[in-house]
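Colleague: Below is a structure I'd like to ask you about.
What follows is calculated from the coordinates using simple rules that are stated; it is not laboratory data. Bear in mind the structure is a predicted one, so any value in this text is a computation, not a measurement. Here the Cβ positions follow ideal geometry from the backbone for every residue, glycine too, while neighbour counts run over all protein chains shown.
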Amino acid sequence: MQNELILKVENLHTSFTVGPLNIPIVKGVSFEVYKGKTLAIVGESGCGKSVTVHSIVQLLPRNGRIDQGTVTYIEDNEEVRLDQLQRYGKKMRKIRGENIGMVFQDPMTSLNPVYRVGDQVAESLMQHFKMKKKDAMKEVISMLKKLGIPDPESRINDYPHQFSGGMKQRVVIATAMICNPDIIIADEPTTALDVTIQAQIMELMKELQVKYNKSLILITHNMGLVAEMADQVAVMYMGRIVEYGSLTDIFEHPSHPYTKALLRSVPVLGKQEGELLETIPGSTPNPLDCTVGCEFADRCEFAQEKCRIKDVPYRQLTPTHQVRCTLFEEHPEVVK
Amino acid sequence: MAKFLVKKILAMIPMLLAISAMVFFALELTPTDPINYLISPDMASSAGNIEALRESLGLNDPAIIRYFRWLFNLIRGDFGYSIISGTSIREIIMLRLPATLELALVSLVLSTIIGIGIGLLSAINQNGWIDYVGRVMGVVGISIPQFFFGIVVIQIFAIQFGWLPFGSRMAPGQTAFFDRLHFMVLPAFTMAIAMTAALLRYTRNSMLDVLNKDYIKLARSKGIPEWKVYLKHAFRTALRPVLVILIFRLPILIGGSIVIESVFSWPGIGSVILSSISAGDYPVIMVTTLLVAAAILISSIFVDIATALLDPRVRFE
């Protein structure tokens, strides 16, 4: 592959301490992000998508902890182990602001209500590039212009509550992009927006990504969005990636029963009247109950005894396509 | 802003009038007859004398006339006279206000600094040792009544060890601030305890609430240092509810604390209120009550101003 590797996550385990319990949320997640490409992480609510990306930038809540695994960020052929940096140390902060930008789910609550929008976007410029406020504001204005916010010269002096939802999300994207990062992590960036705005925001992100050759980690549960945006897809279920492959691998040859079920439950136009949208039976299990075997077994129509009794290894279907399922035992195990 | 202020201040006038009427007529309804306090028991027999006294004090006029007479005098700056001691109420207030102001200011400043400080540290180190200390302080300070705490500190520091005086404001003949500073230690400390505890709990809870907000995560994702996340992004927004209770405490600067002032025999407005109530000195009760009410109304204007300054969402509405 001529693709340039920029972020590598290997065997990441993250757990949360709740009272006396230690609950594993992310269990051995590995993936790679390439320069200028989009990795989509898909899965139901609560499957550990957000925790995975928050582990990368070490923005876990206080009771969250990375137990195992490595996160490597490659900058100009130099490898930086993010998991070994101090959570709020200088180096980690520099990477968070300058190299990895983040866009969160709900633009309504992502901006501080008491500060002017321009100041909030300019903050990281002033922090990392030691810019004067006046120069930083110039950058902010040109960034907001790029993101399609009308009349940015006067809008930088407005407060977040004077912006609509879509405009706020543009501001949040501006905050993520202002220091020109290599990677943008978008954690369900359009979930809280209405449908017409969703399309605009996604188009905008795609455009920026292609134009400025950014890598994008897109977290979503919207398969339609994945089809439009992604180069690589990781399907997550209960803290594990159950299937990992290129966009074509996942959409043309979905292999894991969970992936197939997800694809079947996408609403499409043109259904017959009375024809029901398929859903996945059962509900997500308690992470404490999943100890051994495949977490999806209880909801899976192909489940067998062997799915539940021992650890299920990843199988390599094609050079780009991996799946964690006992249905593919004729394929070689993935060597780590 | 100016328009808003003028509106607020104008709205205060009918409120004050209503309060003055309520105070006046409520006292009118009580069975206390000031005459009983004015005359010595041996004079009680001569009914003619009493009647003459009533007439000369204007007590026989209808209540409504007496109310307006009192009100106009008040507006002219004539607060009237105490019917017990005969001294002008203005003089009483001028004499007692510095004592109340001094004590209340010291405990207010003390409790604000300590309360907000520990509340902040407590929230930042949630579940750490400082948080446990803060939480225990909060519960203890709020649940122990002030008079009890006052008695305990008097018992320990004044009686057992004899380090500090157990009451009053200064020794006879002393006037310099530093001479009487040690008189203030126990009452100020006792008064500050409960205020600190409430403020500490408010600050802690408000901070914890804000620290869970998405914009804190966004602020961290910008890579700014943690102290900036706490002070610039979290504290500024968390401050609003804290400031509200803080400002609503300002009236104690005028009214003092009845409990503290009587436990420590502190010669402030609070003890004036207490003694005038027990003596039925109704002109004093009316004026002091009105003063405290005015102080509360003014504080509520301050709350509005502070909220508008802190939160742009309020400003533009």
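Colleague: Using the alpha-carbon atoms, what tilt in degrees (0 to 90, nearest 10) does helix B:47-57 show relative to the longest principal axis of chain B?
Modeller: 50 degrees
Colleague: Still on this structure, I have one more. I need the phi-derived Karplus couplings for segment A:199-208: 6.51 cos²θ - 1.76 cosθ + 1.60, θ = phi - 60°, integer Hz, Gly and Pro marked x.
Modeller: Karplus values, whole Hz, x for Gly and Pro: 4, 4, 5, 5, 4, 4, 5, 4, 4, 4.
Colleague: Write down the radius of gyration of chain B and its Dmax, each obtained from C-alpha positions, in Å.
Modeller: For chain B, the Cα radius of gyration and maximum Cα-Cα distance read 24.3, 87 Å.
Colleague: Using the basic label-point model (7 angstrom from Cα toward the beta carbon), what is the B:ALA26 to B:ILE142 distance in nanometres?
Modeller: The two pseudo-label positions are separated by 2.7 nm.
Colleague: Under 5 Å between amide hydrogens, which residues at least 5 positions from A:GLN68 or on another chain qualify, with H placed 1.01 Å from N in the peptide plane?
Modeller: Amide H neighbours of A:GLN68, under 5 Å, 5+ apart: A:HIS13.
Colleague: If you don't mind, another one. Can you sort A:SER15, B:SER221 so the residue with the fewest Cβ neighbours within 10 Å comes first? Could the numbers behind the result be given before it?
Modeller: Working: A:SER15 22, B:SER221 25.
Going from sparsest to densest Cβ surroundings: A:SER15, B:SER221.
Colleague: Mind jotting down the distance between the C-alpha centroids of segment A:153-201 and segment B:186-236, whole Å?
Modeller: Here the answer is 28 Å between Cα centres.
Colleague: Looking at the protein assembly as shown, send over the antiparallel percent of its DSSP beta bridges, to the nearest 5. Present the calculation step by step, with values, prior to reporting the outcome.
Modeller: Numbers: 36 of 54 bridges.
Here the share of antiparallel DSSP bridges comes out near 65 percent.
Colleague: Summing +1 for each Lys or Arg and -1 for each Asp or Glu, what net charge is found among the other residues whose Cβ lies under 14 Å from the Cβ of A:LEU263?
Modeller: Numbers: positive: A:LYS260, A:ARG264; negative: A:GLU44, A:GLU243, A:ASP249, A:GLU252, A:GLU278.
Net charge in that neighbourhood comes out at -3.
Colleague: Return an integer: the convex hull volume of the alpha-carbon atoms of segment A:49-205, in Å³ per residue.
Modeller: On the way: hull volume 19.9 nm³, N = 157.
Value for segment A:49-205: 126 Å³ per residue.
Colleague: While we're looking at this one, here's another question. Counting alpha carbon pairs within less than 8 Å and at least 6 residues apart, what relative contact order, in whole percent, applies to segment B:96-315?
Modeller: On the way: 262 pairs, mean separation 61.2, N = 220.
Relative contact order comes out at 28 percent.
Colleague: Here's a follow-up. Classify the protein assembly as shown: rounded, prolate or oblate, from the alpha-carbon gyration tensor (a ≥ b ≥ c, eigenvalue square roots; a/c under 1.5 rounded; otherwise prolate if a/b is larger than b/c)? Walk me through the numbers on the way to the answer.
Modeller: Numbers: a/c = 2.88, a/b = 2.55, b/c = 1.13.
Prolate shape, in that a/c is at least 1.5 and a/b is the bigger ratio.
Colleague: Same structure again: Provide the per-residue ³J(HN,Hα) series for segment A:49-54, in order, calculated from phi with Karplus coefficients 6.51, -1.76, 1.60 and θ = phi - 60°, each as a whole number of Hz, with x at glycine and proline positions.
Modeller: Here the 3J(HN,Hα) series is 4, 5, 4, 4, 6, 5 Hz.
Colleague: Sticking with this one: Tell me, how many Å apart are the Cα centres for segment A:246-262 and for segment A:1-66?
Modeller: What the calculation gives is 21 Å, centre to centre.
Colleague: If each residue's Cβ is checked for other Cβ atoms within 10 Å, how do A:TYR73, B:TYR81 rank with the fewest at the top? Please report the intermediate quantities before stating the final value.
Modeller: On the way: A:TYR73 22, B:TYR81 17.
Going from least to most buried by this count: B:TYR81, A:TYR73.
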